[in-house]
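Novice: I am attaching a structure below and will ask some questions about it afterwards.
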Amino acid sequence: MIKTAIIGASGYSGEELIRILASHPSCEISIITSRQYAGEPIGTVFPRFSWMDLKFSKPDIEEIKKVADVVFLALPHGLAAEYAEPLFNAGLKVIDISADFRVRDTEIYKKYYNVDHPAPKLLKSAVYGLPELYRDDIKKSSLIACAGCYPTTILLPSVPLLKAGIVSAEDIVVSSMSGVTGAGRKVDLPYIFPEVNESLRAYAVNGHRHLSEIEQELACAAGKDVKINFLPHLVPVNRGINSTIIFKPGPNFKQGAVLETLENAYIDEFFVKVLPCGTLSDTKHVTGTNFCEIGHAYDEHTDKVIITSTIDNLTKGASGQAVQCMNILCGVNETEGLI
Ligand SMILES: NC(=O)c1ccc[n+]([C@@H]2O[C@H](COP(=O)([O-])OP(=O)(O)OC[C@H]3O[C@@H](n4cnc5c(N)ncnc54)[C@H](OP(=O)(O)O)[C@@H]3O)[C@@H](O)[C@H]2O)c1
């Protein structure tokens, strides 16, 4: 059995990790950490897990080194790297759900996260944790930087289409909508029920943090710098993200090429569902699962390719993706614990 520790287990992505790992046939959960609930049985914080014989403990790196093979970091960015460094150096496999190792350029990290990178020497050991694009690298790595939630929805359809020249890398516009768990499990006025309920609002339209990794990965696919308009919105649902991506057709665009390219890219990918032309994705189809659903249409009126891409932010956008990465790097079936 793979022994796992979850640092930051009292948050939303920590809770989702517990849910997934609790029924994972090749794993056991050895440690769950929380500062505020240290000493409490898991059932007092998450009653649905009261059947599990686990208590929260304060994060203790020496203790984790003794008992865990794989550590999940479900912590705020900046802090995650501080835990990653000693645990990685001690030979543990580290799967980070935060943004700390996603951006390869420390200057860009500083620009978007407003702090110096906390562990720059470790960056060269990190692999971007989007299994459908980086599976072979993930197999060989012990430090996985799980792709962000918005970036997962945007990169899965965009990368194969840009690589094949089906869409243009110029003037890309993405409008994304996220459920409120994306903001974490904290009491914060803009995210309490009366503020969020019956409200639809855009935010961070001129420089959301996720732009750093989205543009990094789009540039790799396009072979040149890419700048996009990224328009995130908060919507009054608990879970789920939909991104609608508007592309100009690329040099190799022709009728049917979008579907053919996406189907070829994902024919063997269990967690990516490509819908027929004209059928658009829906958060209802993916909530509580590790699937990404991709729809598309061609708008003759404006000559634009329109993609919709939908995930559960806590599963394929965070903890499910993290477990998928763990399955790959530990050599167990990639779908274990996730279906
Ligand atoms: N929510 C999402 O949809 C989502 C999706 C993708 C990625 N992520 C990323 O995943 C990470 C966790 O997100 P989340 O939404 O699960 O956050 P969250 O609900 O706010 O939980 C944060 C966790 O970190 C712990 N923590 C906070 N400060 C700490 C400190 N100084 N020392 C030790 N533990 C500390 C908290 O526990 P205690 O306060 O009890 O110690 C809690 O368990 C973030 O980096 C986020 O950007 C989130």
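The values are calculated or read from the model by the stated rules, or taken from the named source; none is laboratory data. Given the structure is predicted, the values throughout are model-derived calculations rather than measurements. Cβ: placed from backbone, ideal geometry, glycine included. Neighbour counts: every protein chain shown.
Novice: Can you list residue pairs whose Cβ atoms sit under 9 Å apart, with the first residue in the range 300-323 being on the phi > 0 side of the Ramachandran plot and the second being assigned to a strand (DSSP E or B) and more than 13 Å from the ligand (Cβ to nearest atom)? Count only pairs 6 or more apart in sequence or on different chains.
Specialist: Asp303/Pro249
Novice: For Glu293, are the conditions met, namely being part of a strand (DSSP E or B), modelled with pLDDT of 95 or more and not assigned by TED's automatic domain parsing to the domain that holds Ser141?
Specialist: yes
Yes or no, residue by residue, for (1) buried (at least 24 other Cβ atoms within 10 Å of the Cβ); (2) more than 20 Å from Ala219 (Cα to Cα); (3) not assigned by TED's automatic domain parsing to the domain that holds Val237:
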| residue | (1), (2), (3) |
| --- | --- |
| Leu123 | no, no, yes |
| Tyr134 | no, no, yes |
| Lys139 | no, yes, yes |
| Pro157 | yes, no, no |
| Val167 | yes, no, no |
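Novice: Filter the range 176-188 for residues that are buried (at least 17 other Cβ atoms within 10 Å of the Cβ) and either within 12 Å of the ligand (Cβ to nearest atom) or of a type in the set (Gly, Ala, Ser) (or both) and give the result.
Specialist: Within the range 176-188, Ser176, Ser178, Gly179, Val180, Thr181, Gly182 meet the criteria.
Novice: What do you reckon, is Leu54 within 16 Å of the ligand (Cβ to nearest atom), under 13 Å from Ser10 (Cβ atoms) and in contact with a Gly (Cβ under 6 Å, 6 or more places away or on another chain)?
Specialist: When the stated conditions are applied, Leu54 does not pass them.
Novice: Is it the case, given these coordinates, that Leu218 is surrounded by 19 or more Cβ atoms within 10 Å (Cβ to Cβ), over 21 Å from Gly320 (Cα atoms) and away from the ligand (no atom under 12 Å from the Cβ)?
Specialist: Against the criterion (surrounded by 19 or more Cβ atoms within 10 Å (Cβ to Cβ), over 21 Å from Gly320 (Cα atoms) and away from the ligand (no atom under 12 Å from the Cβ)), Leu218 qualifies.
The rows are residues; the columns are (1) surrounded by 15 or more Cβ atoms within 10 Å (Cβ to Cβ); (2) within 18 Å of Pro249 (Cα to Cα); (3) more than 16 Å from the ligand (Cβ to nearest atom).
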| position | (1), (2), (3) |
| --- | --- |
| Ile267 | no, no, yes |
| Thr287 | yes, no, no |
| Asp303 | no, yes, yes |
| Thr310 | yes, no, no |
| Lys316 | yes, no, no |
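Novice: Determine the pairs where a residue that is over 22 Å from Ser10 (Cα atoms) and of a type in the set (Asp, Glu), located within the range 187-205, has a partner that is modelled with pLDDT of 95 or more and surrounded by fewer than 11 Cβ atoms within 10 Å (Cβ to Cβ) with Cβ atoms under 8 Å apart, the partner being 6 or more residues away or on another chain.
Specialist: Qualifying pairs under 8 Å: Glu195/Leu189.
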